[in-house]
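Reading through the structure tokens given below for one structure.
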Amino acid sequence: MIEGCIGDNLDFSEFTSAQEIFYEEPEDSEFVGFRGEITVIATDECGSTERNVEVLLEDCSCQVYVPNTFSPNGDGLNDLFRPSINCALSEYRMVVFNRWGNEVFSTDSYDRGWDGSSKDEQFFSSTAVYNYLIIYDSSSNAVNDPVELVGSITLIR
């Protein structure tokens, strides 16, 4: 299988050493997570060869990094929990839950991260593992379906 980003030139060197390779991306390739077969035509001095190759094309235009720990201790390093997203967003929501499933933080603003305080900001949460749900939609997302990320974050005091 060949994996790549939508719009990138795909590398078929593991299937052929021909210098001239022709393929057409399927019409569905503008959708995130396209997976299917495409026909590759390789031409060299011996002639042309056709082969069906399975490909996975992803939308790599919006990169998201979610840290797995943070330390809200006021030292200026990793004091807030929030993902790093390198694209414009049309929708965003982040919710953090404690181990019992109670919501301890939520925001609809990407600029606002969790500082470890309780939902009512009456006290600071203790060292523990918390779960998060992040829902976002990038302005460049071809599918227009929001992406949901679920995971855990360790708060260290």
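The values are calculated or read from the model by the stated rules, or taken from the named source; none is laboratory data. Computed from a prediction, not measured in an experiment: that's the story for all the values here. A quick note on method: Cβ atoms are made from the backbone with ideal geometry, for glycine too, and the neighbour counts reach across all protein chains shown.
The sole residue among Thr127, Thr154 that is over 24 Å from the mean Cα position of the chain (by Cα) and polar (S, T, N, Q) is Thr127. The stretch 1-68 holds strands (runs of 3 or more DSSP E) entirely within its bounds, and those carrying 1 or more residues that are out of contact with any Ser or Thr (no Cβ under 9 Å at 6 or more places or on another chain) and at pLDDT below 75 map to 34-44, 47-58. So how many residues does the stretch 100-151 have that are part of a strand (DSSP E or B) and among the small types (Gly, Ala, Ser)? Looking only at that region, the number is 5. Exactly one condition in (1) surrounded by fewer than 15 Cβ atoms within 10 Å (Cβ to Cβ); (2) closer than 30 Å to Ile2 by Cα is false for Asp75; which is it? All conditions are met except number (2). Within the stretch 76-94, the set of residues being acidic (Asp, Glu) and part of a strand (DSSP E or B) comprises Glu91 only.
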